[in-house]
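Undergrad: Pasting a structure here, questions to come.
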Amino acid sequence: MALKADLHLHSTYSDGKLSVTDLVPLAARRGLSILAITDHDTVDHYPDSLASAASNGITMICGTEFSTRLGERELHILGYGLDPTEPRLIRHIESVRRRRKERAHEILSRLNERNVRIPHDELEEVPHHKTIGRVLIADLIYNYGYVRSLDEAFDVYLGDNGSAFVPYSPADALKVIQLIGELGGVSALAHPSREEVEQCVDPLCEAGMHGIELWRPGVYRSTANAIRGKAHQHKLIFTGGSDWHYEGGRLNLGDFHISSSRLAPLFEMLGVTPGITVN
């Protein structure tokens, strides 16, 4: 029997709004049976998600979404089936955390120059496991009363054209793909645009990329056709998921799902048997 899967979800371990222990039971109630929580540049969510999956009849796959760059372009690479205790993975994640925190301090300094005064000590209060990114800073700007919404925080201060924007220099995409492969994981390009499919997939595949995210909400037919073409050329497997962050947005948890039968090649690579709550 085909089961319902969503392999691209976010929790409070990065920029999602639900904790793992709330997300997993809600997913089960919504009819999902196979999940991958893919918080940004962390696998700290996995022990909690695996324990919650076991008590809710969910098959849980260890995942993360790596922030990377290819030339001047920022790309997100999904990594599945990684060992969260692997030292090389932990070193990579710690390096990312240091760079993110340094950037956050610079953003707060720029905000201070614009009379948006948020103490730098706020960054020291952030739990070690939580991703320090622009969403977290937007929350601070909102909570301190400088804007009426998170959208306003991005429009005025944090977006690419915002007055306090600081560019981020993520890890090299090719090196991240190589690392995932060396650690026995499966790598896939997340939510690619048609331009990214046409310009980035070839070098990513040369570095050893295994797959590409095809099934996701709102993908244009022309983009899906381009993804299928490149997948056929490079013998890539397909992944998919909602990229869900919170309830009440463009879609709620469980509104989007993929039949487990479509994901069979990925599960085979990962050694996953749907219906079993470990990987």
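Undergrad: State the number of residues belonging to the range 1-24 that are basic (K, R) and touching a helix residue (DSSP H, G or I) at 6+ places or on another chain (Cβ under 9 Å).
TA: Residues in the range 1-24 being basic (K, R) and touching a helix residue (DSSP H, G or I) at 6+ places or on another chain (Cβ under 9 Å): 1 in total.
Undergrad: If only one of D44, D39 is closer than 18 Å to R216 by Cβ, of a type in the set (D, E), surrounded by 18 or more Cβ atoms within 10 Å (Cβ to Cβ) and under 16 Å from the mean Cα position of the chain (by Cα), which one is it?
TA: Details: D44 fails: closer than 18 Å to R216 by Cβ.
Matching residue, one of D44, D39: D39.
Undergrad: Within the range 7-29, count every residue that is more than 16 Å from D243 (Cβ to Cβ) and surrounded by fewer than 19 Cβ atoms within 10 Å (Cβ to Cβ).
TA: So the answer is 7.
Undergrad: Follow-up question, since we're still on this one. Would a scan of the range 62-81 turn up a residue that is touching a Gly at 6+ places or on another chain (Cβ under 7 Å) and free of Cβ contacts under 8 Å to residues at least 60 places away in the same chain?
TA: Looking through the range 62-81, at least one residue is touching a Gly at 6+ places or on another chain (Cβ under 7 Å) and free of Cβ contacts under 8 Å to residues at least 60 places away in the same chain.
Undergrad: Inside the range 1-22, can you point out the residues that are touching a residue at least 40 places away in the same chain (Cβ under 8 Å) and part of a loop (DSSP other than H, G, I, E, B)?
TA: Start the filter on the range 1-22 by keeping residues that are touching a residue at least 40 places away in the same chain (Cβ under 8 Å), which leaves 2-10, 12-18.
Result: A2, L3, H10, T12, Y13, S14, D15, G16, K17, L18.
Undergrad: Among the listed residues I58, I90, identify the single one that is free of Cβ contacts under 8 Å to residues at least 12 places away in the same chain, among the hydrophobic types (A, V, I, L, M, F, W, C) and surrounded by fewer than 24 Cβ atoms within 10 Å (Cβ to Cβ).
TA: I90
Undergrad: Filter the range 264-279 for residues that are surrounded by fewer than 17 Cβ atoms within 10 Å (Cβ to Cβ), at pLDDT 95 or above and either part of a loop (DSSP other than H, G, I, E, B) or hydrophobic (A, V, I, L, M, F, W, C) (or both) and give the result.
TA: Those that are surrounded by fewer than 17 Cβ atoms within 10 Å (Cβ to Cβ), at pLDDT 95 or above and either part of a loop (DSSP other than H, G, I, E, B) or hydrophobic (A, V, I, L, M, F, W, C) (or both): A264, M269.
The values are calculated or read from the model by the stated rules, or taken from the named source; none is laboratory data. If you're wondering where the values come from, they're calculated on a predicted model, not measured in any experiment. All Cβ positions, even for glycine, are placed from backbone atoms using ideal geometry, and neighbour counts span all protein chains on display.
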